[in-house]
Structure formats: C-alpha cells, structure tokens
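A short write-up of the structure that comes next.
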Amino acid sequence: MRSPRWPSIVESVLLLAVGLGVGAWALFGEYTLLMHPRYRWLTIAGAALVVPMGLAVLFARPRRVPLSTVVAFGALIAVVLVARPFAAGAGAGLAPFAPGDGAPLPGREGYEERSLVEIARALQADDETADGENRYAMAGIVARPDFLEEDDDYVLLAPFMACCLADAIAYGFRVRGADEPPPAEGEWIVVYGAIEALAAARPVDPFRFGVLRWITVDPGHAIRSDGYVPFSATLPTLRDRLAGEQTSRFLAELEAAGLATVLEGDGPFTVFAPIDAAFSAAEAPPPVGLHVVPGRYTKRDLYEIDRLGTYDGNTLEVEVVNGKVRVGGARILFSDPGLRNGVLHLVHPRLRGP
Amino acid sequence: MDLPESFRIFAALGAAIFVEALPFLALGAMLSALIEVFVPGERLTRLVPRGVLAGGAFGVAAGFVVPTCECGVVPVVRRLIRKGLPPRAALAYLVAAPIVNPVVLLSTLVAFRGSWTMVGLRALIAVLTGLALAAVVGRREVDQVLRDGAVATSSGHDHGDHDHGGYSRLLAVWTHAARDFLEMGKFLVLGAGAAALFKTFLPPAALAVFQDNLVLSILAMMGLAVLLSVCSEADAFVAASFVAFPTAAHLAFIGLGPMVDLKLIGMHVATFRRRVWLSLLVVPTVVVFVVSLLVGVLS
C-alpha cells in the first residue's frame, strides 16, 4: 500500500461526493422530484458502487487527474448545491407525480376512475372513449395557457415520467364547463366528466408548464366537466394514517383523550406518534396532547426551529444532534407529509415534556 | 437565494439525466474493470468469426445476450478492444447492445400500445447499423481504432498474465473502475448539461413546422433525439407523445437516440480515432434515415 497523494485525493473527493450525495438523496431525500420511484433501488446500487471506487483510489498508484474531469464534476456539484433540485420547495416547482400518487380517487357513482394518460392512448387507437356516454374520474394539474379562447376553459394535464424528469411528458385535454369556484392554475384536482369529440379539431402548439417542457393538448377531444374536487380531498387524514400497525397503542390513547376526532378535521396538525415499541409499562406516560402540534411542520422545517407549541399548551424542544433532528428528545424514524390535514412523524422513544 | 426559474429547471433536468445514467455508467465501469483484470486477451480473439460481416453479426448477437445501457457500453467496449476483441465485433456490439436489450424492447412495446412492428423495426435498425459499422471498420486493428491515450492500459500490463494475489486484484478492479467512471463521467456531465440546456430553452413549437412533411419530420426527430439525449429505456414514451408526427419520425427518434446523442458523442471522440467516431456518427444516421424513410413511404 502506498500513501495517498493529492491526485488520488482529488479523485477520491469527486467520487465520494457523487456516490455519497446521490446515495443519501436516494435513501432519505425527495427522490420522486427527479426520478420515477421504481428506480430508487437502481440509483442506490449505482451510488453503492461509486463509494468504494472513491476509497480504492486512495490506495492505488496516483495518476494525473485531467483538469477537464475536475472542472466537469466540480461544475456539477456546484450547480446542484446552488440550485438544490433535490429538495422540495427549492426545486423547479412541479413534481410530476400527484401527492399520494397511487391512492384510489374518491368515488362518485357513475364515474369510472381513469388516468388521462390511458385515455389519451386509447383515443389514439380508437374513439370509443369519446362517446360522451362513459363518465370518468380523472386526476391532473390545472394549466391556463394563453391559447385558450374561452375564459372558463382550462387544460387538465396528466404528467407521465417513465424514468426521470428529463423524459417527463404530459398529455392534456381542454376542460369545458364552468366549474365554480374555478380551479387555480397549478392545483391538482380530480375532474368528474365525460370525453367528447370536438365538432372541429382545434390544434394548438405544444407548450411548457414548469418542468414539463413538452405538453401536447388533444386537438380533437375535450372533457365536459360535471364538477371537480381538489386532489387533497383524496388523501388520507392523520387519523386514517394512525390506524396503521405501528401506532395502534398511540391511537388508543388519542381516542381515550377525545383527540382522535380532532385529527379527522381540517387541521393542519403535526403529530409525533410514538411507535408501539416505544411504549413501556414501567414509565409514566406523558400527556397525549404533547404529541400534537398545530400547524404543518415537515422534517426539513424542524431543522430551522428551536421549539414548538403543542395542542395542550406545552412546549417541545427541538434540537439537532449529530446532524439529526430530535423533538422532545425523540428521534424521528419516518415522516409522511402527504396527508390531507397535516404531517405525521413516527418517533422513538416517547416525547419528553417540559 | 432567489434564482431564475430557467436556471432551476436547467439544474433539475441536468441532475435528473446524470442520476438516471449514473448506475449504468458505474456498472459499465465495473464490467470494464473486471474484463481488464480477469479476462485473458487471447480468449476473446478466439470467440469471434474471421469474416467481417460474421464478426459484426457476432457483436450484434452479443448485444442480445449481454445487454448494456448506452451510458455504460463505451468503457466496456474500449476494454474489450484492448483485450483483443476485433473492433468490427466490438463496435457492432456498441451500437446494438443499448437497443436490443429486453428492457428497451419491452418499453417500446408498451409505449407504442403493443406494436410488435415498432419493436421489430427498432431491432432491425440496430442489426443493420451494427453490420454496416462492421463493414466500415473492416479489419482495422486496435491502434487504428482507439486513440493513442486509450490504447495503453492504465497499469501498463495485462493483469491476466500474472498473479498479484487476491487483494491486489481486488484493488485493481476498483481502481480501474474508478478511473473509467471519472473519465467517461465527465462526458456524461457535459452531455447532461447540454441536453438540459436544449430542453430548457428550445421552444416546443419550434418542431411544429416540420410535422407535416415526411422527410423534414424524420430529420427533425433525429435532431431532437440527439439534443434531448433521452435514455433508451424511456425514449419510446417520449417519441410516442409526439402524436402529430408520423410513425416514421417516431422510429427515427428511437432508432438514433441510443446510438448518437450529446452524452455519447463526447465519449466517442475521447475514445476512438477520428475515422471511427465519424463512422459512429454517420453510419447510424444514414441507416436510421433510410429505414425510417422507407417505413414512411411504404406505410
């Protein structure tokens, strides 16, 4: 083994920065901002290969590192650190996936759940979907491009991402029918209606919307809307989420204290739910209201806060220990920010009061 | 920091392309390193038939058996050529492997709603291009194909020739892989950046003027495939979304992209001599154009 010299150190730094950075983001970060979730394992595997490469070069014979390599990777790291495309809120502003993607849409009698992507593809093959008779529940993003002639019309977009954000496309349909109140641009909604063929095709040029750089609107069909609901209405509540396997004991305490129904309401609340394994018969339980905080605080938000006011009027201390946030002395094991009325954090052990 | 939206979009798109390609480049670098350390050169030479086209056919067939993404295939092919695999077979494999792998063909089938014709045509383009490249490369030797700096191995000798012991070989594998990854990775970064720039600033309506003319639509989609540098596992969905363009133009997009794009051009220029990388640019372009045009005229 030879002592590492500076070219080897440069190579190692570049490789470890890429491997550890990408790996950490794939494991713990907002992966679906840039990549389809089915490839998470592949990204982690790739990063896991790069990290040992970064260590191996420290023990190999040093070799001159081309300046072009340092410049290219340095520019990549710099752009990523400045623009932070891997972080929600600091990225390009539009995640291709609907919040809670995959959950069934709220049912309405007579309306079949159908994705706009499936409808667009079916229409390319035949026109049976556009008979005006079949009624569908369709989720999408609202866009109001300049080319729309009628003020009440809008375009409902369904993004589709096969692999990564760079190949994300969107299928769009005009929506006709004066929905009240009119949905806001950029809002995810579920529209109930039928697909109808237009008497005369109305071709429009492709347009952009946020990170969706290539959107085509079907020129020959439109959605006749019978109404819509915000997509957030389809998401589970905090109460629904707490009915899962790991938080049954905490839910029982909430119900005994009469707080479970509060967590079915509009909120928003942030709940720090101790997992069942955190319960110990030897300890006196803290008040259950200590675990409920008015407001919506994601894990990222907690890094910027020193204390939180709880539902029962107490205060929780928030601290960062070895780079990890702790609330009331408890570690956050898992967070779910995609709920209708708040954010759920699973914690261990139970929170420590004032 | 309040950054312009276009910069944030550029960064997101560029980062996405890089992250998507990273596992494949890492795998390609590892495979290349394993070949370097463990595969004796003469064994590869004996595998390939002596005829030029037969060698090309061998390379194409290897693409069916050992699939590789376009981001990882260049370091693998470079190493195979250094180890003695005839360039006619290696370059045929270079262009065919990213297309004829099961994931790509399946995604093509799904994106084009079960059209086996599109799948067959895409595979046909790969086969024809591989054979054509083999014919162009002929019986050129290693030093006529690889650039000077790429001919010598990084350690100056064939690891298969003597036994360094297990630890030394293990370290050699990871070190070779690391250096291949960095060398090819910089072209991935540059290509991802260029593709992100085009995707951020190219007006979507710019292509609309070409969609009604067969020849222009094919050429436009070929150009777009090079500029967007979409991964071959996803390009079929992107192509299918251009509903106003004819099927022949879709075929041109998915035919050319895995063989020629901004990521690959840089890697090819760095790895191969000028005649070879020009062939890697021209031959696929001609084959894709001719096949797509025939499809458009006959359909």
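The values are calculated or read from the model by the stated rules, or taken from the named source; none is laboratory data. Note that the coordinates shown come from a computational prediction; the quantities given were computed from them, not determined experimentally. No Cβ is skipped: glycine too gets one built from the backbone with ideal geometry, and neighbour counts run over all protein chains shown.
Of the residues making up segment A:13-30, one or more are more than 7 Å from every other protein chain (Cβ to nearest Cβ), closer than 18 Å to B:Ile17 by Cβ and modelled with pLDDT under 90. Checked against the criterion of being surrounded by fewer than 23 Cβ atoms within 10 Å (Cβ to Cβ), under 20 Å from the mean Cα position of the chain (by Cα) and within 14 Å of chain A (Cβ to nearest Cβ), the candidates B:Phe24, B:Phe7 yield just one match: B:Phe24. A:Ala197 meets the conditions (1) touching a Gly at 6+ places or on another chain (Cβ under 8 Å); (2) in contact (Cβ under 8 Å) with a residue 60 or more places away in the chain; (3) within 30 Å of B:Leu224 (Cα to Cα) in every case but one. The failed one is (3).
Among all positions in segment B:45-58, there is no residue which is β-branched (Val, Ile, Thr), crowded, with 24+ Cβ neighbours inside 10 Å and in contact with a helix residue (DSSP H, G or I) (Cβ under 8 Å, 6 or more places away or on another chain).
The single residue among A:Arg63, A:Arg40 that is outside any helix (DSSP H, G or I) and among the basic types (Lys, Arg) turns out to be A:Arg63. Scanning segment A:265-308 for residues that are under 15 Å from A:Leu346 (Cβ atoms), part of a helix (DSSP H, G or I) and under 20 Å from the mean Cα position of the chain (by Cα) yields A:Lys299, A:Leu302. Counting the residues of segment A:131-169 that are modelled with pLDDT under 85, over 19 Å from B:Ala16 (Cβ atoms) and crowded, with 21+ Cβ neighbours inside 10 Å gives 0. For A:Asp205, the test of being in contact with a helix residue (DSSP H, G or I) (Cβ under 8 Å, 6 or more places away or on another chain), assigned to a loop (DSSP other than H, G, I, E, B) and among the acidic types (Asp, Glu) is passed.
Might you check whether a residue that is out of contact with any Lys or Arg (no Cβ under 8 Å at 6 or more places or on another chain), touching a residue at least 60 places away in the same chain (Cβ under 8 Å), β-branched (Val, Ile, Thr) and at the interface with another protein chain (Cβ under 7 Å from one of its Cβ atoms) occurs anywhere in segment B:176-197? Within segment B:176-197, one or more residues are out of contact with any Lys or Arg (no Cβ under 8 Å at 6 or more places or on another chain), touching a residue at least 60 places away in the same chain (Cβ under 8 Å), β-branched (Val, Ile, Thr) and at the interface with another protein chain (Cβ under 7 Å from one of its Cβ atoms). The set of residues from segment B:261-290 being among the β-branched types (Val, Ile, Thr) and more than 25 Å from B:Ala220 (Cβ to Cβ) comprises B:Thr271, B:Val276. The one condition from (1) away from chain B (no Cβ under 14 Å); (2) within 30 Å of B:Phe201 (Cβ to Cβ); (3) without any contact (Cβ under 8 Å) to a residue 60 or more places away in the chain that A:Trp188 does not meet is (3). When the residues of segment A:221-252 are filtered to those that are part of a helix (DSSP H, G or I) and touching a strand residue (DSSP E or B) at 6+ places or on another chain (Cβ under 7 Å), the one that is surrounded by the most Cβ atoms within 10 Å (Cβ to Cβ) is A:Leu238.
Suppose the filter is modelled with pLDDT under 85, under 25 Å from the mean Cα position of the chain (by Cα) and crowded, with 17+ Cβ neighbours inside 10 Å; does A:Phe207 pass it? In short, yes. What residue, among those in segment B:221-243 that are more than 7 Å from chain A (Cβ to nearest Cβ) and assigned to a loop (DSSP other than H, G, I, E, B), is surrounded by the fewest Cβ atoms within 10 Å (Cβ to Cβ)? Top of the filtered list is B:Phe242.
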